[in-house]
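Notes to accompany the following structure.
Taken together, the values in this text are just the output of simple stated rules run on the coordinates, not laboratory data. These numbers were taken from a predicted model, which means no experiment stands behind them. Neighbour counts are summed over all protein chains in view; Cβ atoms, including those assigned to glycine, are modelled from backbone coordinates with ideal geometry.
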Amino acid sequence: MTTDRLPPIPTEQWSAAQRREAQPIIDGPRGALVSPFIPLLRSPELMGHAQRMGEYLRYRSALNQRLSELAILVTARCWSQQVEWAIHAPIALKAGVAPSTVEAIAQGRKPEPLPADEAAVYAFSIELQQDKSVSDATWAQAIALFGEQGVIDLIGINGYYSLLSMVMNASRTAVPASSAAPLPPLPPLPPAAPSGA
């Protein structure tokens, strides 16, 4: 076990800026100052901007909830982010992502078979996270299925949850109780092929 480097701050110790930025999170769809925002509370303005982006991407993006949650799970797996996995694996299942898909992602395997829309989200997210780019074929498929706004929102989901993963991995945010099993360790990636191979 590791110690949470940025644990919850008692509400009576919040600054005026922290109260101002935390209240919309508490009053919004999340209903509380939840894990990703506990460490971010140390930078209230950043937290406020992040929560507004996250509220759009999670609740109102051009992708439906099933596809958004799938992209979140891929991002959580790529970052081995236990808090996001604990929160979003049960939500993904409730939104219609197959249990076998969730398990395959947890194990670092490509889920198969997948519906066409989930296959496109998975391929796009994996390429973006691992290759730091997206191939022409994967891009074209995503545009055909989701349009330009959907593709931008998919990039946004990957980027936003990568930010949260960085924050919580660095600060060692405590993992909440969850019906989801923790992410297992992944085997190390094989070394890159020598240049010119």
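Compute the helix-to-body angle for 65-78: its Cα long axis versus the longest principal axis of the chain, expressed 0 to 90° and rounded to tens.
So the inclination is approximately 90 degrees.
Can you pull the three principal axis extents for the Cα set of segment 9-111, in Å, largest first?
Over segment 9-111, Cα extents along the principal axes are 47, 26, 18 Å.
What is the gain in length, in nm to one decimal, between Glu127 and Ser100 on full extension, counting 0.36 nm per residue of separation less the C-alpha to C-alpha distance? Could you put the intermediate results ahead of the total?
On the way: separation 27, 0.36 × 27 = 9.72 nm, distance 2.10 nm.
Stretched fully, the Glu127-Ser100 segment lengthens by 7.6 nm.
How far is helix 116-126 tilted, in degrees, relative to the longest principal axis of the Cα atoms in the chain, given as a value from 0 to 90 rounded to the nearest 10?
It is inclined by approximately 70 degrees.
Using the Cα atoms of segment 15-60 to build a convex hull, what is its mean projected area in square nanometres?
2.8 nm²
Can you list the trypsin sites (Lys or Arg not before Pro) in segment 36-101 that are in a DSSP coil and have 14 or fewer other beta carbons within 10 angstrom?
Filter output for segment 36-101: Arg42, Arg60.
I need the calculated FRET efficiency for the pair Arg19 and Ser178, taking r as the beta carbon distance and R₀ as 35 Å, to the nearest 0.05.
0.75
Throw me the Rg/Rh for segment 64-182, computed over C-alpha atoms with Kirkwood Rh, two decimals.
Numbers: Rg = 13.5 Å, Rh = 14.2 Å.
Expressed as Rg/Rh, it is 0.95.
Could you calculate the contour length gain from Ala32 to Arg60, that is, 0.36 nm times the residue separation minus the distance between their Cα atoms, to one decimal place in nm?
Result for the pair: 8.2 nm of gain on full extension.
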